[in-house]
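These notes are about the structure you will find just below.
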Amino acid sequence: MRTARRWLPALVMCIGTLAGAGAAPALAATAVTGTSAGETQETADIKDRILQIPGMHFVEEKPYQGYRYLVLTYTQPVDHRHPDRGTFEQRFTLLHKSTDRPTVFYTSGYNVSTTPSRSEPTRIVDGNQVSMEYRFFTPSRPQPADWSTLDIWQAANDQHRLYQALKTVYGKNWLATGGSKGGMTATYYRRFFPHDMNGTVAYVAPNDVRNGDDRPYDRFFATVGDKACRTQLDSVQREALVRRDEIVARYQKWADENGKTFKVVGSADKAYENVVLDLVWSFWQYHLQSDCASVPATKASTDELYKFIDTISGFDGYTDQGLERFTPYYYQAGTELGSPTFKSPHLKGLLRYPGIYAPRNYVSRDIPMKWKPGVMADVDRWVRNDSTQMLFVYGQNDPWGAEPFRLGRNAAARHDFRFVAPGGNHGSNIAQLVADERATATAEVLKWAGVAPAAVQKDERHAKPLAPYDAKLDRQPVEREASLRP
């Protein structure tokens, strides 16, 4: 399961206030050429330059060969419309290469990892990377939490303010990127601040324009993979409910032994129904057609079935502890983003809780939620009619791609692209595209970043990442989550 880091060191260096970013002193460009033991004065200056920006707070630094890696926070208004109504500290990390290089602004849309990593666009352009935690994911949560200030406009303003602050140091081109909810976040940021970034690369980003019409998901599940695999997954999903009493008893015992509770969803039985409803979706989200051989037989032992359900869906996801980590996402899904539903005729007569598969049931009732119609339609219209220099990458077998962002007329003239990785799942990226699309996508990213070599300017078939692959830095694991979380 996705894990959330819930701590923030008590002792941090606090520099400045909420005031807008001030101009940093004009120092020489800083490049990293060795380990921390061999730092020059120039390489040491980058932390000082960042901390001279009002509102910046130092948390820690972690060494990584060829980079400086800093964990920081930035003081943000709780409400950008009313900056006088309090502030909070928003965590972000900085993977510093050189101020002479472009910068990639990354967000997952959830917590930020404090382990050094590099997104695909960062490797392509051999640049810096700023990774920001989404507001309301701990520890980046205002106290007290006014949930009405958690929306895509406020989050876009968080990115805009941090970009303005760091642009004083990183003056070259900027790109925005993210995968899944992070891809959505990068798109929303571009919609509200279209001139901040020189380009946007959004991976596997859902686009739920009409939340009440989820027929695209039904069409997806009727055709994904091969028929034999679809049939076996449906059979195992049904069998999981046929044996629910036996499995729920085991589920409750596991919860009791591990301090897990079910107050939000109501009971282990209700949680289990959600887990089972996730099963087919989660299989295709995180696995491939080639993994169909791992689906157990319908007559498999209960031990085998239990293990398969936990491996694919995860029993922790609908416990109070599992839900709490993602309360900000479920809140947004139930107020702006929308969430998927799909028909399951093969489960007829086995489901006990109609309507339980919805975000409102995963958020504590003391947090009010009200649906805001038209928010996603506004973004969708902007992408189709006004966006420029945007690249969307999807996976052919990823359920979240059933409702993708659509490109409008003259998309190519606006340098807008949408590509699909053959057979790809929710971890699809540029490297998995067919050769000509991979070349086009890579060349566009290099051009947007202002670092395309002359050979690429002449012929995009020469496009390739500028930085060599780093097995530790570039590893992008696909983490298992419940299907309602992109």
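The values are calculated or read from the model by the stated rules, or taken from the named source; none is laboratory data. From a predicted model like this one, the values you see are computed outputs, not experimental measurements. Virtual Cβ from ideal backbone geometry, glycine too; neighbours counted across all protein chains shown. Only protein heavy atoms, including side chains, enter the accessible area calculation; ligands, DNA and RNA are left aside. Shrake-Rupley method; radii C 1.70, N 1.55, O 1.52, S 1.80 Å.
Step by step: first the residues of region 142-158, then only those that are buried (at least 18 other Cβ atoms within 10 Å of the Cβ) and of a type in the set (D, E, K, R), then the one that is farthest from Met197 (Cα to Cα). Which residue is that?
Asp151
Restricting region 206-243 to residues that are of a type in the set (S, T, N, Q) and in contact with a His (Cβ under 9 Å, 6 or more places away or on another chain), which is surrounded by the fewest Cβ atoms within 10 Å (Cβ to Cβ)?
Ser235
Please work out which one of (1) surrounded by 15 or more Cβ atoms within 10 Å (Cβ to Cβ); (2) in a loop (DSSP other than H, G, I, E, B); (3) of a type outside the set (Lys, Arg) is the condition Trp382 fails and give its number.
(2)
When only residues in region 456-478 that are of a type in the set (A, V, I, L, M, F, W, C) and within 20 Å of Glu444 (Cβ to Cβ) count, which is surrounded by the most Cβ atoms within 10 Å (Cβ to Cβ)?
Step by step, filter region 456-478, then rank; the result is Ala463.
Give the residues of region 164-198 that are surrounded by fewer than 21 Cβ atoms within 10 Å (Cβ to Cβ), among the hydroxyl-bearing types (Ser, Thr, Tyr) and in a helix (DSSP H, G or I), sorted by residue number.
The answer is none; no residue qualifies.
For Thr388, work out the one condition from (1) of a type in the set (Val, Ile, Thr); (2) closer than 22 Å to Asn211 by Cβ; (3) open to solvent by 30 Å² or more (accessible area, probe 1.4 Å) it doesn't fulfil.
The failed condition is (2).
Out of (1) without any contact (Cβ under 8 Å) to a residue 40 or more places away in the chain; (2) open to solvent by 50 Å² or more (accessible area, probe 1.4 Å), the odd one out for Arg414 is which?
(2)
Could you check Gly212 against (1) modelled with pLDDT under 95; (2) within 23 Å of the chain's Cα centre (by Cα) and say which number it fails?
Every condition holds for Gly212 apart from (2).
Looking at region 456-480 only, could you name the residues that are of a type in the set (Val, Ile, Thr), under 24 Å from the mean Cα position of the chain (by Cα) and modelled with pLDDT of 95 or more?
Result: no residue meets the conditions.
Determine which member of the set His426, His462 is farther than 21 Å from Val125 by Cα and in contact with a helix residue (DSSP H, G or I) (Cβ under 6 Å, 6 or more places away or on another chain).
His426
Tally the residues that are touching a Ser or Thr at 6+ places or on another chain (Cβ under 7 Å) and open to solvent by 50 Å² or more (accessible area, probe 1.4 Å), restricting the search to region 244-259.
Count: 1.
For region 240-288, what are the residues that are of a type in the set (Lys, Arg) and free of Cβ contacts under 8 Å to residues at least 24 places away in the same chain?
Lys253
What are the residues in region 316-350 that are part of a loop (DSSP other than H, G, I, E, B) and without any contact (Cβ under 8 Å) to a residue 40 or more places away in the chain, if any?
Lys348, Gly349
Quick one: which of Arg161, Arg123 is over 23 Å from Ile53 (Cβ atoms), touching a residue at least 40 places away in the same chain (Cβ under 8 Å), assigned to a helix (DSSP H, G or I) and open to solvent by 10 Å² or more (accessible area, probe 1.4 Å)?
Just one listed residue meets the conditions, Arg123.
Which residue, of Tyr353, Tyr329, is open to solvent by less than 20 Å² (accessible area, probe 1.4 Å) and modelled with pLDDT of 95 or more?
Tyr329
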